[in-house]
Every structure is written in C-alpha cells, then in structure tokens.
Amino acid sequence: MTWIAPWKRGPVLAALALLLGLVLLLHAWIPNVGGAGSLVENLLPWLGVGVPVLLAGACRRRSASAALALVLPLAAWLSLFGGLLQDKSHPGGDLTAVSHNVGADNHDPTGTARQLASCGADLLALEELTPQATGTYERALAKAYPYRAVLGTVGLWSRFPLSDTRPVDVVRDDVGPLARTRPVDHGQDEVRALRTTAATDHGPLAVYVAHLGSVRVLPSSGFWTISRDFGARALAKAVAAEPNGRVVLLGDLNGTTDDRAFHALTTRLRSAQDTAGNGFGFTWPASFPIARIDQILVRGVRARSAWVLPETGSDHLPVAARIAW
C-alpha cells in the first residue's frame with residue numbers, strides 16, 4: 001500500500017529526532033563523565049539547530065515518521081528556550097549594573113575603559129584585570145566613578161560609597177590564562193572574587209564580583225571544569241551565608257546558567273537576562289558569541305531590563321541590567 005511507504009522511510013532520521021528530543025528533555029540525567037553533561041548543557045540552545053537539519057532530511061526522504069518524530073525535540077526546545085525569544089524588558093529601574101571581562105590579552109585597555117566610562121552604569125564590575133592594565137582602568141574611570149574596590153583580578157567601580165569589601169575564595173589550582181600575567185612570586189591565593197556593600201539611595205546592596213576558573217576541552221580528560229566547579233560551589237556558599245537580602249552578582253562564571261555546576265547559585269539568584277532580557281544574550285567569544293558565560297544574577301531586587309553591550313577590545317561582550325527595588 002503506497003500510503004504506508006512514507007512511514008517506513010527514514011527510520012534513522014526518526015531515531016535521531018527522538019534522541020535529540022530526549023537529550024533536550026533529560027539533559028540533567030546525562031552522566032558528567034569527562035564533563036559531558038556540563039558541556040551539553042552549555043551548548044543546549046544550539047541543539048535546536050538539529051530540528052531544521054533533520055526536517056530537511058525528512059523532506060528529502062519524504063519520511064512521515066521522521067517528520068512526526070521531530071515534534072518531540074521541537075516541543076522540548078520551545079519549552080526550554082521559547083520564553084527567551086520574547087522581549088521581557090520593562091521601563092524603569094533604580095540603577096544600572098554592568099559587568100565585563102576586559103580580557104587579559106586586551107591590547108587596548110584605554111579604549112575599553114573609554115567605552116565603559118560612557119556606558120551609564122552605576123555599578124561597573126570588571127574581571128580579568130592584569131597588574132599591567134589595572135592602573136589604566138583606575139585612571140580612565142576615576143572621573144565617572146568616585147568609589148572603587150579592586151582585589152586581585154576583579155574590581156567594582158561605583159557611583160555609590162562602598163564598604164565592607166573582602167575577598168571571596170574561589171580559587172583552586174590552575175585557573176586559566178591569567179596565570180600567565182602573574183608576577184613570578186605570586187602564589188595560588190590570587191583573588192578572583194570579592195564582596196562589597198554599595199550604599200545606594202534605597203539602602204545597602206551586597207555586590208559580588210567574580211571570575212571563576214577557566215574550562216577547557218582536553219584530549220585526556222574531556223571537558224575540564226574542576227577549577228570552575230570549585231569556584232561555583234564556593235560562591236554559592238558565600239551567597240547562601242550573605243545576611244543582606246538584596247544581592248547582585250556580576251561576573252564571568254565561565255558557564256551558562258543551564259550548567260548543572262551552577263544549580264546551587266541559580267536556586268538562590270535569578271538571571272537578569274532570563275527574567276528581563278530579549279533573546280539569549282550570548283557573550284563569548286565576542287567575534288561570534290555562542291554562549292552566555294557572563295552573568296548578572298540578583299536576589300531581593302528585580303531586573304527590569306537586560307542587554308548586551310557592543311564589543312570592546314576583549315574577547316567577551318559586556319552585559320548590562322537595569323535593576324529596581
């Protein structure tokens with residue numbers, strides 16, 4: 001019977017479609033052997049590309065079964081990311097926060113600082129500051145920001161007075177490219193995260209600035225995230241113990257909020273991009289962003305809008321959010 005033929009065609013395509021749907025639905029159950037689960041979660045939105053690819057194959061094969069099987073991954077992808085396709089921003093807000101990994105290999109810190117000085121932020125967090133470039137940023141931002149707190153490779157420039165600034169220990173072993181910029185006598189206790197209090201017009205706000213360890217794809221061990229994961233746990237512990245109900249976390253976390261490594265953080269803090277942004281807000285690499293690894297997360301305050309700023313001399317894009325009490 002000729003009407004049965006389309007259902008028999010393309011069994012491999014149908015199987016691939018079902019597998020894609022199951023990966024999207026059950027990504028949290030993928031074993032993290034060699035970091036596989038974490039890697040899939042960081043690239044999760046891009047799995048949606050498989051839907052039109054498989055659909056093209058189903059059309060070419062005239063496979064009704066493959067076309068029907070694509071309903072599963074399409075529905076799964078939309079349930080995960082469909083909400084990000086609409087603009088959730090709202091007017092208003094009490095302050096603007098910006099975070100930017102300025103890049104240890106940035107060849108134009110002066111130009112980057114000039115761009116940031118004009119971005120209109122009330123709180124400006126910078127990560128991956130090198131000893132050679134920190135002075136450049138301090139001089140270029142001094143006029144716009146009368147207050148600053150710089151510890152190790154992270155800093156916060158502020159229009160509000162800052163107090164109770166202290167480091168947060170998120171460092172374990174090798175943390176990535178910044179190791180190349182350390183003085184030879186610099187130990188492993190490099191500061192890559194800080195906590196401070198900003199005295200805003202609406203009361204004290206706890207601000208965390210963090211740059212977690214790098215991740216790598218290694219032939220011997222797969223997706224290497226040990227340093228990053230250690231920092232994520234330490235940062236989550238610090239936020240959990242934070243007595244101030246109003247918290248903003250700014251930084252390069254070297255992972256997306258879909259990554260299981262950040263579950264302890266994302267259960268306590270909400271992503272500004274997810275709640276008040278428009279689109280995925282990818283930030284890295286700046287030349288062709290494929291993932292949002294630079295985050296603004298909040299608790300006790302509301303993100304009214306969130307967006308990505310234009311490219312600077314860094315390999316990351318800056319992120320911004322308008323925050324309200």
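Values computed for the structure shown
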{"item": "Probe 1.4 Å - accessible area at TYR137, Å² to nearest ten", "result": "0 Å²"}
{"item": "At R0 = 45 Å, FRET efficiency that the Cβ-Cβ distance of GLN132 and LEU68 yields, to 0.05", "result": "0.15"}
{"item": "Fraction of beta bridges assigned by DSSP in region 187-300 that are antiparallel (%, nearest 5)", "result": "75 percent"}
{"item": "Principal-axis tilt of helix 50-61 within the chain, Cα atoms, nearest 10 degrees", "result": "20 degrees"}
{"item": "Mean Cα-pair separation over length for the chain, i.e. relative contact order, pairs under 8 Å, 6 or more apart, %", "result": "20 percent"}
{"item": "Accessible-area composition of the chain, carbon plus sulfur, in percent [1.4 Å probe]", "result": "61 percent"}
{"item": "Within region 63-94: backbone nitrogen closer than 16 Å to the ARG9 label point (7 Å, Cα to C-beta)", "result": "63-70"}
{"item": "Student exercise, the chain dipole from Lys, Arg, Asp, Glu Cβ charges, in Debye to nearest 20", "result": "1000 debye"}
{"item": "Where labels lie 7 Å past Cα in the beta-carbon direction, separation of HIS263 and ASP105 in nm", "result": "3.4 nm"}
{"item": "Positive dipole terminus of the chain, leading residue within LEU250, PRO289, LEU43 (C-beta point charges)", "result": "LEU43"}
{"item": "For Rg and Dmax of the Cα atoms in Å, calculated from these coordinates, the label among (i) 19.7, 62; (ii) 18.9, 59; (iii) 21.9, 80", "result": "(iii)"}
{"item": "Degrees between helix 11-25 axis and first principal axis of the chain (Cα, 0 to 90, nearest 10)", "result": "30 degrees"}
{"item": "Positive dipole terminus of region 177-325, leading residue within GLY313, ALA210, ALA276 (C-beta point charges)", "result": "ALA276"}
{"item": "Cα lying deepest toward the dipole's positive end in region 85-146, options SER99, GLY111, THR134, charges on Cβ", "result": "GLY111"}
{"item": "Per-residue [θ]222 nm for the chain (sum of -39500 (n - 2.57) over DSSP H runs n ≥ 4, rounded to 500)", "result": "-8500 deg cm²/dmol"}
{"item": "Added length on full extension, which subtracts the Cα-Cα distance from 0.36 nm per residue, ARG159 to CYS119", "result": "13.1 nm"}
{"item": "The chain: angle of helix 131-141 to the longest principal axis, Cα-based, in degrees nearest 10", "result": "80 degrees"}
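The values are calculated or read from the model by the stated rules, or taken from the named source; none is laboratory data. Treat the numbers as computed from the prediction; the structure is a model and nothing was measured. In this analysis, Cβ positions are derived from the backbone assuming ideal geometry, glycine residues included, and neighbour counts consider all displayed protein chains. We work out accessible area using only protein heavy atoms, side chains counted, and drop any ligands, DNA or RNA first. Shrake-Rupley method; radii C 1.70, N 1.55, O 1.52, S 1.80 Å.
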